[in-house]
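Engineer: Have a look at this one before I ask anything.
What follows draws every value from the coordinates through simple rules; no lab data is involved. All values reported here derive from a predicted model rather than from experimental measurement. Neighbour counts run over all protein chains shown; Cβ positions are idealised from the backbone, glycine included.
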Amino acid sequence: MALAPAYAVGHKLLSGGPHTLEIFLDYTCPFSAKIWRALQSQVLPWLKTQPVTVIFRHQVQPWHPNSTLLHEAALAVEKINPSAFELYSTALFENQNQFFDEITVNQSRTTIYKQLAVLATSVNAVNDSVAVLQMLDIQPVATAEQARNVGNAVTSDLKYHIKLARAQGIHVSPTVVFDGIRDDSVSSSWGLEQWQAWLSPKLTQSQQ
């Protein structure tokens, strides 16, 4: 499936075409973190020489309440510095346990946003955490009558990605889609050999 131009720099992990490999991930999912590490350390370096474009897709899972906040933060970072999206994604996966339910249950949404903004500066994804917070900011109001529930500066972006995942019938993370077809056989436990065994026949079809 195509990638909207607004996300082409950050979400496109490799631009090798003509095949497309989409990886649907949740920043608060341990299995997503596991497959991300394999992709970064083994699979993407191999795929650099293959005829395939690799796209990061958001899969926000509501049973992980902080998932929305982490994905919002990633989208905010991309708006500020598109080339740092992948770097910040790695930071989110490597620090995901800081945002698990048990450690954040007594923290406010704003407090978590601040932690995410600090994380962005700590890995040099952005120069100023305030810029990230401005993207995530929701101004409080005094009464329910004043509330409009309009979200923040990345709400429309998050809606786009959620609608895209729903349109493709994605239910859990990680989920892998190759050339528009979901394949639930792909496992977060795979190493390079399993990825090569699964992908190589698909990639060579276009060369025959």
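Engineer: List the residue pairs whose Cβ atoms are under 9 Å apart, where the first residue sits in the stretch 149-171 and is closer than 15 Å to Asp26 by Cα, the second is aromatic (Phe, Trp, Tyr), and the two are 6 or more positions apart or on different chains.
Structural biologist: That search, which allows pairs on different chains as well, returns His161/Tyr7; Ala165/Phe24; Ile170/Phe24.
Engineer: Identify the residue in the stretch 17-53 that is assigned to a loop (DSSP other than H, G, I, E, B) and either basic (Lys, Arg) or touching a helix residue (DSSP H, G or I) at 6+ places or on another chain (Cβ under 7 Å) (or both) and, among all such residues, is nearest to Lys163 (Cα to Cα).
Structural biologist: So the residue we want is Asp26.
Engineer: Taking the condition closer than 22 Å to Ser200 by Cα and free of Cβ contacts under 8 Å to residues at least 24 places away in the same chain, does Pro45 pass?
Structural biologist: It is true that Pro45 is closer than 22 Å to Ser200 by Cα and free of Cβ contacts under 8 Å to residues at least 24 places away in the same chain.
Engineer: I'd like to verify a number: residues in the stretch 188-208 that are free of Cβ contacts under 8 Å to residues at least 24 places away in the same chain and of a type in the set (Ser, Thr, Tyr), how many?
Structural biologist: Taking the stretch 188-208 first, the residues free of Cβ contacts under 8 Å to residues at least 24 places away in the same chain are 193-194, 197-198, 200-201, 204-205, 208.
Add one more test, that the residue is of a type in the set (Ser, Thr, Tyr), and what stays is 200, 204.
Summing the residues that are free of Cβ contacts under 8 Å to residues at least 24 places away in the same chain and of a type in the set (Ser, Thr, Tyr) in the stretch 188-208 gives 2.
Engineer: Let me ask another. State whether the residues of the stretch 96-104 include one that is crowded, with 21+ Cβ neighbours inside 10 Å, in contact (Cβ under 8 Å) with a residue 40 or more places away in the chain, under 20 Å from Asn152 (Cβ atoms) and not aliphatic (A, V, I, L, M).
Structural biologist: yes
Engineer: Ok, one more. Please find, among Gln115, Gln107, the residue that is assigned to a loop (DSSP other than H, G, I, E, B) and surrounded by 12 or more Cβ atoms within 10 Å (Cβ to Cβ).
Structural biologist: Gln107
Engineer: If we scan the stretch 63-70, do we find a residue that is among the polar types (S, T, N, Q) and in a helix (DSSP H, G or I)?
Structural biologist: Yes.
Engineer: So, of the residues in the stretch 135-150 that are exposed (fewer than 10 other Cβ atoms within 10 Å of the Cβ) and part of a loop (DSSP other than H, G, I, E, B), which turns out to be nearest to the chain's Cα centre (by Cα)?
Structural biologist: Of everything passing the filter in the stretch 135-150, Val150 is nearest to the chain's Cα centre (by Cα).
Engineer: A further question follows. In the stretch 48-66, how many residues are more than 10 Å from the chain's Cα centre (by Cα) and either touching a residue at least 40 places away in the same chain (Cβ under 8 Å) or more than 17 Å from Ser173 (Cα to Cα) (or both)?
Structural biologist: 9
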